[in-house]
Structure formats: structure tokens, C-alpha cells
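Visitor: Can you read through this structure? Questions will come right after.
The values are calculated or read from the model by the stated rules, or taken from the named source; none is laboratory data. Keep in mind that what you see is a predicted model, and the values were worked out from it rather than measured. For neighbour counting, all protein chains shown are included, and Cβ atoms are generated from backbone atoms with ideal geometry for every residue, glycine included. What goes into the accessible areas is simple: the full protein's heavy atoms, side chains included, and nothing from ligands, DNA or RNA. Shrake-Rupley method; radii C 1.70, N 1.55, O 1.52, S 1.80 Å.
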Amino acid sequence: LLSGEAGLLFDRMLQAIGLSREAVYLAPLSVVRPATGQLDETAAAACAGLARHHVALAGPAKLLVLGDAACKA
């Protein structure tokens, strides 16, 4: 997750708030990238339910959601 230029930016953003990549747990909304680059509504709804369950199991003290699709989920 978050490699290349986006990964470097993410690492710098974490550093700005006093964290490192090793101190955070990253989880994607979807484990696969659709050919179109975006999930359709049905897939997004299914992924949203799985993501909420994942967060409930992980029980984080803080949660940072990145991206339009993840925020809508």
C-alpha cells in the first residue's frame, strides 16, 4: 500500500504528526484494484461492510481514513 510518490508523501505526512509507517496499521478498502480504478456501488457497499467489521475486530484507538471511496464507505 502507498508506494512510489504517494508512499513518500504518506511517510512525510506521518513524520509530520510524529509517527512512522512501522507504528501504523494499513488496511485497504478493497484487496484488489478494479480495472477501472474505482469500485462500483455494489462492490463498494460490500467492501464497506467488510471494512467496518475489520475495524471492529482491530479496535484501534485512532482511525485515519484516506481517499474518497473509503470515506464514503
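Visitor: Which values, in whole Å and largest first, are the semi-axes of the equivalent ellipsoid of the chain obtained as the square root of 5 times each eigenvalue of the Cα gyration tensor?
Guide: Values: eigenvalues 105, 56, 17 Å².
Here the semi-axes work out to 23, 17, 9 Å.
Visitor: Now for a separate question. Taking the Cβ of VAL65 as the centre, find all other residues whose Cβ is under 12 Å away and add up their charges (Lys, Arg: +1; Asp, Glu: -1). Don't jump to the answer; show the numbers that get you there.
Guide: On the way: positive: ARG52, LYS62, LYS72; negative: ASP68.
Net charge around VAL65: +2.
Visitor: In degrees between 0 and 90, to the nearest 10, how far off the longest principal axis of the chain does helix 41-58 point, with axes built from Cα atoms?
Guide: That helix lies at roughly 50 degrees to the long axis.
Visitor: In debye to the nearest 20, how big a dipole does the chain give about its Cα centre with +1 on each Lys and Arg Cβ and -1 on each Asp and Glu Cβ? Walk me through the intermediate numbers first.
Guide: Details: 6 positive and 6 negative charges, 38 e Å.
Charge dipole, the chain, about its Cα centre: 180 debye, nearest 20.
Visitor: When the accessible area of the chain is split by element with a 1.4 Å probe, what percent falls to carbon and sulfur?
Guide: On the way: 3620 of 5960 Å².
Here carbon and sulfur together make up 61 percent of the probe-accessible area.
Visitor: Roughly how many Å² is the accessible area per residue of the stretch 13-54, as a whole number, for a 1.4 Å probe? Provide the component values of the computation, followed by the final result.
Guide: Details: 3410 Å² over 42 residues.
Accessible area per residue, the stretch 13-54: 81 Å².
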